[in-house]
Amino acid sequence: MLRAAQPLQNVRQASSAVKRTGKNVVLVEAVRTPFLLAGTAYKDMMAVDLQKEALRALMKRTQLSHDKVNHIICGTVIQECRTSNIAREAALLAGFPDKVPCHTVTLACISSNVAVADAIGMIKSDYADAVIAGGVEFMSDVPIRYNRKARKAMLGLQKAKDAGSKLKIAGEIAKNLLSPELPAIAEFSSGETMGHSADRLAAAFKVSRKEQDEFAIRSHTKAQEAAKAGKLKDIEPVFIEGKKAQTVKEDNGIRVGTIEKLSSLKPAFIKPHGTITAANASFLTDGASACLVASEEWALANGYKPLAYLREYQFVAQDPKDQLLLSPAYAIPRVLEKAGLSVKDISVFEIHEAFAGQVLANLNAMDSEEFCQKWMKRSKVGRLDMNKINAWGGSLSIGHPFGATGVRLLAHTAHRLKEEGGQYGVIAACAAGGHGVGMLVEAYGK
């Protein structure tokens with residue numbers, strides 16, 4: 001049962017250690033393919049190919065025997081029907097024994113966070129010692145299907161017994177062939193696209209177009225600096241076969257623009273006065289990720305020095321219309337309360353950048369006494385230190401393959417804690433349906 005919300009002043013203001021129960025669960029290693037703009041180098045592949053590459057890269061980096069993995073969980077959002085349990089298909093292609101159980105999860109942009117949470121639960125319950133969690137999204141080729149009338153007619157054609165019936169059904173099929181159904185880009189419950197929700201959210205929390213464009217430039221600048229400095233250690237190259245065989249080694253969406261260029265772009269959703277544009281929103285991305293989650297005892301017994309402890313997680317859900325993208329504001333204080341920590345205890349924040357306006361609106365919400373009292377029944381969380389947030393860029397610049405981003409956030413949190421000498425890091429992300437997640441990570445050996 002979830003705890004009732006408490007005012008933050010009732011939470012311990014400083015802590016040297018998280019409250020611990022049961023096994024210590026650790027992140028042993030995390031990898032990802034380079035994240036690429038949809039329609040570029042990965043365009044002739046499949047989602048299962050990318051997830052396979054991430055799994056293979058993880059096993060190569062860890063030098064772990066495949067038969068020591070107890071379970072594999074992968075997240076994805078837009079499923080290819082031929083590989084609906086993509087975790088299983090990718091695992092078999094990657095060389096795992098067929099005795100290793102695999103399952104696929106989906107919760108929009110936090111799907112691989114769910115995979116990690118499932119792995120933590122498996123380990124704490126003594127079901128497993130070592131679990132692989134990951135995720136993938138492939139936006140270069142999404143399933144487009146015939147409309148319902150055409151599908152119904154096609155199914156009826158199989159049962160038609162005479163030529164007349166078959167001709168009649170064939171005519172119905174032909175009449176509907178040119179009306180395909182694309183994957184939904186709007187919320188089923190509200191009918192509104194996420195971009196429209198982001199525009200309204202930015203307006204509600206008084207986030208200007210200039211602030212959003214500046215945040216987008218910040219993301220690209222920090223990602224470029226991190227890439228040049230060799231800090232994006234989670235990336236593993238992908239070799240692409242074919243006539244134009246190539247090895248992809250880096251993300252290709254990082255582009256540092258100028259405020260003049262960004263300010264010249266037209267609104268993408270609410271026209272002509274909206275503030276969300278193609279430059280301050282995350283782009284369609286292909287990519288996959290994978291990480292090895294284990295008990296600390298198992299990791300040490302097998303010769304690994306973990307990257308980080310996985311301490312707490314908290315999933316939340318709000319109104320999918322007016323608060324679709326506000327989950328970080330709810331999840332961050334909730335996960336800190338579970339651990340008995342305050343925002344001052346956190347050295348690293350990795351917040352998913354669906355839109356620049358979404359991140360900035362969440363920061364404003366947490367710093368609003370009115371919002372926190374009315375909607376979260378607590379005193380305000382306070383203003384997060386921007387210097388602690390997404391110091392190596394984020395989804396706006398690195399890219400956002402829906403099912404893979406959660407593990408990327410986890411990898412960056414762990415590596416940043418190590419490099420910056422911090423103890424605790426918090427991951428937060430919003431997702432479709434008004435969902436979100438907060439995760440608490442502790443540096444290993446602190």
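How high is the relative contact order of the chain, given as a whole-number percent (alpha carbon pairs under 8 Å, six or more residues apart)?
Taking the mean separation of contacting Cα pairs over the length of the chain, I get 27 percent.
I'd like the accessible area for residue 165, computed on protein heavy atoms only with a 1.4 Å probe and all protein chains in place. Round to 10 Å², please.
40
Distance between Cα centroids, the stretch 37-63 to the stretch 311-362: provide it in whole Å.
Using only Cα atoms to place each centre, the spacing works out to 29 Å.
In Å², what does the accessible area per residue of the stretch 295-446 work out to with a 1.4 Å probe?
Result: 29 Å² of accessible area for each residue.
Compactness ratio of the stretch 295-378: Cα Rg over 2.2 N^0.38 Å, N = residue count?
After normalising by residue count via 2.2 N^0.38 Å, the value is 1.37.
May I ask you to give the percent of accessible area on the stretch 274-354 that is carbon plus sulfur, with a probe radius of 1.4 Å?
Within the stretch 274-354, the accessible surface is 53 percent carbon and sulfur.
To the nearest 10 square angstrom, how much accessible area does residue 61 have with a 1.4 angstrom probe?
That residue has around 80 Å² of solvent-accessible surface.
Would you calculate a helix-derived [θ] at 222 nm for the chain, using -39,500 (n - 2.57) for each DSSP H run of n ≥ 4 and dividing by the full residue count, to the nearest 500?
-10500 deg cm²/dmol
Provide the FRET efficiency to the nearest 0.05 for the residue 151-residue 103 pair, computing r from the beta carbons and using R0 = 25 Å.
The value I calculate is 0.35.
Determine ³J(HN,Hα), in whole Hz, for all residues of the stretch 24-40 in sequence, where each value follows from phi through the Karplus function 6.51 cos²θ - 1.76 cosθ + 1.60 and θ = phi - 60°; x replaces Gly and Pro.
For the stretch 24-40, the Karplus curve yields 7, 9, 10, 8, 7, 7, 9, 9, 8, 6, x, 8, 10, 4, 4, x, 9 Hz.
Can you work out the FRET efficiency for the pair residue 60 and residue 258, with r the C-beta to C-beta distance and R0 = 35 Å, to the nearest 0.05?
For R0 = 35 Å, the calculated efficiency reads 0.30.
Distance from the Cα centre of the stretch 137-160 to that of the stretch 234-285, in angstrom?
About 31 Å separates the Cα centre of the stretch 137-160 from the one of the stretch 234-285.
How big is the chain in terms of Cα radius of gyration and Dmax, in angstroms?
22.6, 79
Rolling a 1.4 angstrom probe over the protein chains, ignoring ligands and nucleic acids, what is the accessible area of residue 62 in square angstrom, nearest 10?
10
How much length, in nm to one decimal, is gained on full extension between residue 270 and residue 208, taken as 0.36 nm per residue of separation minus their Cα-Cα distance?
Contour length minus the Cα-Cα distance gives 20.9 nm.
Average projected area of the Cα convex hull of the stretch 195-346, in nm²?
The number I arrive at for the stretch 195-346 is 14.0 nm².
Measure off 7 Å from each Cα along the Cα-to-Cβ vector at residue 178 and residue 446, then give the distance between these two points in nanometres to one decimal.
Taking the simple label geometry, residue 178 and residue 446 are separated by 6.1 nm.
So how far apart, in nm, are the two label points at residue 127 and residue 374 if each is 7 Å from Cα heading toward Cβ?
Inter-label distance under the simple model: 4.1 nm.
Given 0.36 nm per residue, what is the gain on full extension from residue 161 to residue 190 after removing their alpha carbon distance, in nm?
The residue 161-residue 190 span can extend by a further 6.1 nm.
Can you give me the % of accessible surface on the stretch 184-259 that is carbon or sulfur? Probe 1.4 Å, all protein chains present, nothing else counted.
Details: 2460 of 4430 Å².
Within the stretch 184-259, the accessible surface is 56 percent carbon and sulfur.
I want to verify a result. In a Gaussian network model of the chain, Cα cutoff 10 Å, which of these has the top mean-square fluctuation: 336, 93, 177?
Sorting by GNM fluctuation, first place goes to 177.
Quick check for you: with a 1.4 Å probe and neighbouring chains kept, what is the accessible area per residue of the stretch 19-123, in Å²?
I get 38 Å² per residue for this part.
Among 267, 290, 229, which residue has its Cα furthest toward the positive end of the charge dipole of the stretch 193-345, with +1 on Lys/Arg Cβ and -1 on Asp/Glu Cβ?
The one lying farthest along the dipole's positive direction is 267.
Normalise the Debye intensity by I(0) for the stretch 344-446, one equal point scatterer per Cα, no solvent, then take log10 at q = 0.16, 0.17, 0.23 Å⁻¹ and round to two decimals.
So the normalised log intensities are -0.72, -0.81, -1.31.
Between residue 301 and residue 84, what is the FRET efficiency for a Förster distance of 45 Å, r being their Cβ-Cβ separation, to the nearest 0.05? Write down the numbers at each step before the final one.
Numbers: r = 36 Å, r/R0 = 0.80.
With a Förster radius of 45 Å, E is 0.80.
Please state the Cα pair-distance histogram of the stretch 219-273 with 10 angstrom bins from zero: what percent is in each bin?
So the P(r) values, bin by bin, are 18, 32, 25, 21, 4.
The values are calculated or read from the model by the stated rules, or taken from the named source; none is laboratory data. All of these numbers come straight from a predicted model, not from anything done at the bench. A quick note on method: Cβ atoms are made from the backbone with ideal geometry, for glycine too, and the neighbour counts reach across all protein chains shown. We work out accessible area using only protein heavy atoms, side chains counted, and drop any ligands, DNA or RNA first. Shrake-Rupley method; radii C 1.70, N 1.55, O 1.52, S 1.80 Å.
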